[in-house]
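In what follows, a structure is listed as structure tokens, so that the remarks can point back to it.
Values quoted throughout were computed directly from the atomic coordinates according to the rules given, and no laboratory measurement underlies them. Just so it is clear, the model here is predicted, and its values are computed rather than measured. Note that we place each Cβ from the backbone using ideal geometry, even for glycine, and neighbour counts take in every protein chain shown.
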Amino acid sequence: MPHTLATAWASLPGIARTTVWILIITIALILCVALLTLWERKVIGWMQLRRGPNRVRLLGLFPGLGQPFADVFKLLTKEVVIPTNANKLIFWTAPMIALIPAFAAWAVIPLSPDLVISKANAGLLYLLALSSMGVYGVILAGWSANSKYAFLGALRSAAQMVAYEIAMGFALVGVLMASGSMNLGIIVRNQEGGFLSQNWFWLFPLFVVYFISGVAETNRAPFDVAEGESEIVAGFHVEYSGIAFALFFLAEYANMILISALTAVFFFGGWLSPWQGWPGIGSTILGQPSFFWLALKIFLFLFVFLWFRATFPRYRYDQIMRLGWKALIPVTLVWIGVEMVLASYHIGPWAHSWYH
Amino acid sequence: MLVQILFLIFATLLVAAALGLITARNPVYSALFLVLCFCNSAVIWLLIEAEFLAIVLVLVYVGAVMVLFLFVVMMLDINLAELRRGFTRFAWLGWVTAIAVIAEIVDVVWSHGLTGLDVGRSAAPESASYSNTLALGQVIYTRYAYPFELAAMLLLVAIVAAIALTMRRRQGLKYQDISRQVSVRAADRVRIVKVKAEKRT
């Protein structure tokens, strides 16, 4: 039976196989978002000495496991209220515009040594372009609802996302310099050789800048002024209800997973094992590259996202701008200069043969 | 064949979006049509394997310039009747510009000769390992290094000029000195006063 399945799979045309993979990845991502919302509430609950959701059981398993699914069905059956003076066309399309870049970005992310939907040469640029389009969902939602609070949230987040994109782009320039390629598969492969030869070691300031900008890009705490509950109710999606609201929620969490995956790919070797090539452990199964390493790294960064949310108070708007423009961008510029020096003396990643 | 069909689809969309851009009454719709225009032209560039240019077009124009555009347009409260009044007054200027642009296009097409311009043939496809970005980088940083750096300097000067124009210290403006705010100590702000308890009289 597995044999016939395998031959049937191989006999499918390439486009059909790609479509199946796209479906699998999309559904897996949506499931991950559902579980992430539960994990978030659990983790923050534990950090605040509460229990978190613990009522809805799924198949009698872990208490609380059914919570995200219960939430989804609740949102699906709720009425979507459209404000009287809203611009209906844009009001309806905005959640989808927010969602599409978050999912489309997965096309170029190498999930395992031989699983990637598109081996695009300009993968890094494609990711930058897509992450810059994510802001449209937010500003269109804020404008079309014809509500003061939604519009204020949209303006805040538009300014914030445009500002942090620059720092993010510069951090990726550093990655590009260290890897010599914009193809994400090659970026991962060029970090081979264990934990210490991965990009984070030589690009540590850029890693920090990238992750902070990533948190700001996704409008997560402590940079969540776009939806500052105490000031502007819920920001750009204040007028959305039911499934339209759920789509924004889905986009936000999918973006968190995406940023975690990208941090893992750019700075921590993606699907490479941290002990690859080490004596002893490197030759066991723990030293082999696989999807599970990527999943583990994504999980760790997602935990950091939640940890931030439970720990830090929200930044004030002017502090966000100051951090983005006056702290993160200069750090990246200085480190690009440092990289130039390292490159001219062939230190670190620039000592490899593929660089020359 | 597939490429040509795709080209026709996206070129049609591009022209339709451009028409929508100039005919839409709502300025926000106009801005969104312009975004659609950029996306479609990016796809057309992708079809001739200029992926770097295509993605940079989306990154810079869609991702940054148009966001700021929308930002401004959304906050405007545009009075259409007032706009229409100006329309007939400045219509001749629009016509002159349109005719000049059309004349330039016609001139370019004519100088190549209509027969010499083979519109049905696309460029020979490059091999899979060909990197558009690499090729562009090699040309820009070697052959065109000086023009490229000059353009960069020009942009830098423009940024400085824009900042200088908008940096105004208004009188009586209250602003926060963040470094002073951060370095403040409790002793600077709070004075602990010990008051002796008094006896009830």
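Each residue of the range A:123-132 was assigned a 3J(HN,Hα) from its phi angle through the Karplus curve 6.51 cos²θ - 1.76 cosθ + 1.60 (θ = phi - 60°); the sequence is x, 5, 5, 4, 5, 4, 5, 5, 5, 6 Hz, with glycine and proline shown as x. GNM on chain A, alpha-carbon springs under 10 angstrom: the most fluctuating residue among A:P205, A:P279, A:P101 is A:P279. Centre-to-centre separation between the Cα atoms of the range A:18-56 and those of the range B:1-69: 36 Å.
When the square roots of the Cα gyration tensor eigenvalues are ordered a ≥ b ≥ c, the ratio a/c for the protein assembly as shown is under 1.5, which makes its shape rounded.
Among B:F90, A:F204, sorting on how many other beta-carbon atoms sit within 10 Å of each Cβ, with the fewest leading, yields B:F90, A:F204.
Between A:R57 and A:G64, A:G66, the built amide H atoms are under 5 Å apart, and every one of these is 5 or more places off in sequence or on another chain.
How would the range B:24-68 be classified by its alpha-carbon gyration tensor: rounded, prolate or oblate, with rounded meaning a/c under 1.5 and the a/b versus b/c comparison settling the rest? Since a/c reaches 1.5 but b/c is at least a/b, the shape of the range B:24-68 is classed as oblate. Looking only at A:G235, A:G324, A:G287, which one moves most when chain A is put into a Gaussian network model with springs between Cα atoms under 10 Å? It is A:G287.
How would the range A:132-246 be classified by its alpha-carbon gyration tensor: rounded, prolate or oblate, with rounded meaning a/c under 1.5 and the a/b versus b/c comparison settling the rest? Cα axes put the range A:132-246 in the prolate bin. For A:K42, the lysines whose Cα comes closer than 23 Å to its Cα, not counting residues fewer than 8 places off in the same chain, are A:K74, A:K297.
Springs between Cα atoms under 10 Å define the GNM used for chain B, and in it the highest mean-square fluctuation of B:A98, B:A42, B:A16 occurs at B:A98.
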